[in-house]
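Notes follow the structure.
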Amino acid sequence: MKALFKKHFALTEQGATDLVKSSLATFAAYVVNMFPAMLLMMFFDKTLLLNERSNGFYYVASAVVLVLVYIALSVEYDSLFNATYKESENLRIDIARNLSDLPLSYFSKHDLTDLAQTIMADVATLEHALSHSIAKIIGFGGFFILISSMLLISNVKLGLCVISPIVVYYTLILLSKRIQTKSFHKYYKKRRENSDGFQEAIELQAEIQSFAMSEDIKKKLYREVEEGEKIHIASEFVGVTILGLAGLILYITHILVIIVGVSLLAEGEMNILYFLGFLLAGIKIKEGAEANAMNMAELFMVDSVVKRIGEIRNVKRQEGEDKELSDFDIELKDVSFSYDDSADVLDGVTFTAKQNEVTALVGKSGCGKTSILRLVSRLYDVTGGEILISNENINNISTKSLFDKVSIVFQDVTLFDTSVMENIRIGKPDATDEEVKKAAKLANCDDFIEKLENGYDTLIGENGANLSGGERQRLSIARAFLKDAPIIILDEIAAALDVDNENKIQDSLNKLTKDKTVLIISHRLKSIQNVDKIVVIDGGKVESEGKHEELLKTSRVYKDLIDKTALAEEFVY
């Protein structure tokens, strides 16, 4: 049962256990709620028909039933709501843990707003279904089977009169599941798109205002929200229409019970008390069926949510074993790679970046340089060939072992809304303040940090909003220096630096290369002319490799890049 719940509702182990308990508690509450009616029927049977007097017994029985109802409802409430809220916490933690285990390529292919929606809104939707619908449906299902058996044993004809319309009612609802699910999924998708639109509008406020697009964006967002509400209303209308039409069948219950019951009374096959009992049972079961029909509609609605959570859990993880790496030459052997099912970005790339050397990758935009860095750091996995570190295929090395040995600084910097000190300390969480300051000095950060209001304790805003592009880039470089990993990967780190700071960073890099493997990309070719090796990439292949002077003579692509760079610098100055 727990395995079934985990699969169909994307629950944790504890959540599935709690759902079993809440379903049993709900079943018990349904059963206990029938006790007052049963006691009343017993009273009428003994008092009116048999003229027996035992008022004391009924006073005591009424008190006992009242206590049982209170206990049943209290246990049901606790199991439905308190346990559900705990599951919401566990589910969010479980999703976050799953996200932390996913390959980093997953995040480049999926919108972060969508992932945030899954953790917050989707879990909240599932939380409501758990506390209001799922256990109720399961509990009522068990209760319906029990009461149906009792009714059929008492009188088959009247039992069928009560049961048959409800069975037909739920059959029609289940047959309409595909229609309702499709409608709800359309609204779910539109709501996701609207969230992306709002997130984009917030993040790009500077660009929107600078290009006087505020009014256009506002109109677009309003239009998208209105369209979303139309889809929402349409999806709700579909559900209400189906439930309303199917609900008409439930009223046949009373009609059938009255017609058949009166006939049985006339023929003397039953007494008036039994007839009233079946009529009362029909009313109670009809009310429960109607209430749970709305619960089933909510169950259909969370289908998209459950699938989304399941998708995150089922993403293929990067495999590998924890290993101690002893040397850090990076060797690419006939490496090919493509994003999804698109054409190959890399095709048969082979070269070696040696330890204690700086290897630079150059080439035209789109030639595959950044893809090589992503593969080496295992943000993505190769589609062909292999990459070796310490003579070990990195696909056989756990990402934890690999990331411990790699410091990465990409062109797009991500900072946290905390202090300068803590942003740098991310490179080495147990680093002392002095170690952080030393790394900041190596990255040429200390000059601008000292000018900040609170120095290293200054809060820098969301993603470093209070800093310039160059300052943000240098903080990112300081992290890599603090981590002091044996492999350093740098992607266009000079893009946001002025010439003076670029030269200072270059001096720092020269100090860090001892016993390290440095792999770098830079469009400023002057900054990499003195590196140990330059690998020229053209159209996803290695066109040539060597030192600057050698490549000027042997590589057409490299000479062309140098000529164009010189022309661009001449034009600027």
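The values are calculated or read from the model by the stated rules, or taken from the named source; none is laboratory data. This one's a predicted model, so the numbers in the text were calculated from it and none came from an experiment. Methodologically, a virtual Cβ is constructed for each residue, glycine included, from the backbone with ideal geometry; neighbour enumeration extends over all protein chains shown.
Within region 298-327, the set of residues being among the hydroxyl-bearing types (Ser, Thr, Tyr) and either out of contact with any helix residue (DSSP H, G or I) (no Cβ under 6 Å at 6 or more places or on another chain) or surrounded by fewer than 19 Cβ atoms within 10 Å (Cβ to Cβ) (or both) comprises SER326 only. Quick check, is ASP196 of a type in the set (Asp, Glu) and touching a helix residue (DSSP H, G or I) at 6+ places or on another chain (Cβ under 6 Å)? Considered against the rule, which asks whether it is of a type in the set (Asp, Glu) and touching a helix residue (DSSP H, G or I) at 6+ places or on another chain (Cβ under 6 Å), ASP196 comes out as yes. Taking the numbered list (1) surrounded by 18 or more Cβ atoms within 10 Å (Cβ to Cβ); (2) in a loop (DSSP other than H, G, I, E, B); (3) in contact with an Asp or Glu (Cβ under 9 Å, 6 or more places away or on another chain); (4) not hydroxyl-bearing (Ser, Thr, Tyr) in turn, ILE408 passes all entries but (2). For the condition over 23 Å from PHE403 (Cβ atoms) and either surrounded by 21 or more Cβ atoms within 10 Å (Cβ to Cβ) or more than 25 Å from the chain's Cα centre (by Cα) (or both), GLU290 qualifies. Screening the candidates LEU373, LEU442, LEU379 for the property of being in contact (Cβ under 8 Å) with a residue 60 or more places away in the chain, touching a strand residue (DSSP E or B) at 6+ places or on another chain (Cβ under 6 Å) and either of a type outside the set (Phe, Trp, Tyr) or surrounded by fewer than 21 Cβ atoms within 10 Å (Cβ to Cβ) (or both) yields one hit, LEU373. Of all the listed residues (SER105, SER148, SER79), the sole one being surrounded by 15 or more Cβ atoms within 10 Å (Cβ to Cβ), over 13 Å from the mean Cα position of the chain (by Cα) and under 30 Å from TYR339 (Cα atoms) is SER105. Can you confirm whether SER401 is assigned to a helix (DSSP H, G or I) and either in contact (Cβ under 8 Å) with a residue 40 or more places away in the chain or buried (at least 18 other Cβ atoms within 10 Å of the Cβ) (or both)? Taking the combined requirement at face value, the residue satisfies it. Please indicate, with yes or no, whether at least one residue in region 235-242 is buried (at least 17 other Cβ atoms within 10 Å of the Cβ), modelled with pLDDT of 80 or more and assigned by TED's automatic domain parsing to the domain that holds MET294. No, there is no match, as no residue in region 235-242 is buried (at least 17 other Cβ atoms within 10 Å of the Cβ), modelled with pLDDT of 80 or more and assigned by TED's automatic domain parsing to the domain that holds MET294.
Selection of region 72-107 for residues being in contact (Cβ under 8 Å) with a residue 12 or more places away in the chain, assigned to a helix (DSSP H, G or I) and of a type in the set (A, V, I, L, M) yields ALA72, LEU73, VAL75, LEU80, ALA83, LEU91, ILE95, ALA96, LEU99. For region 201-220, the tally of residues that are under 24 Å from the mean Cα position of the chain (by Cα) and touching a residue at least 12 places away in the same chain (Cβ under 8 Å) stands at 1. If I filter region 293-302 for residues that are among the aliphatic types (A, V, I, L, M), farther than 21 Å from SER148 by Cα and in contact with a Leu (Cβ under 6 Å, 6 or more places away or on another chain), do I get at least one hit? Yes: region 293-302 contains one or more residues that are among the aliphatic types (A, V, I, L, M), farther than 21 Å from SER148 by Cα and in contact with a Leu (Cβ under 6 Å, 6 or more places away or on another chain). A single entry from LYS437, LYS405 fulfils the requirement of being over 19 Å from THR458 (Cβ atoms) and in contact with a Phe, Trp or Tyr (Cβ under 9 Å, 6 or more places away or on another chain): LYS405.
Of all residue pairs spaced 6 or more apart or on separate chains, those with beta-carbon atoms under 8 Å, a first member in region 258-279 that is touching a residue at least 60 places away in the same chain (Cβ under 8 Å) and a second member that is assigned to a loop (DSSP other than H, G, I, E, B) are GLY261/MET270; LEU264/ASN155; LEU264/MET270; MET270/ASN155; TYR274/ASN155; PHE278/ASN155. When restricted to residues that are assigned to a strand (DSSP E or B) and within 19 Å of GLY546 (Cα to Cα), region 331-368 contains 16. For region 296-330, the tally of residues that are part of a strand (DSSP E or B) and out of contact with any Lys or Arg (no Cβ under 9 Å at 6 or more places or on another chain) stands at 1. Going through (1) surrounded by fewer than 23 Cβ atoms within 10 Å (Cβ to Cβ); (2) modelled with pLDDT under 75 one by one, ILE460 falls short only on (2). In summary, strands (runs of 3 or more DSSP E) completely within region 509-573 and bearing 1 or more residues that are modelled with pLDDT of 90 or more and more than 21 Å from PHE328 (Cβ to Cβ) occur at 533-538, 541-546. Among the residues in region 229-249, are any farther than 27 Å from THR181 by Cβ, part of a helix (DSSP H, G or I) and free of Cβ contacts under 8 Å to residues at least 24 places away in the same chain? There is no residue in region 229-249 that is farther than 27 Å from THR181 by Cβ, part of a helix (DSSP H, G or I) and free of Cβ contacts under 8 Å to residues at least 24 places away in the same chain.
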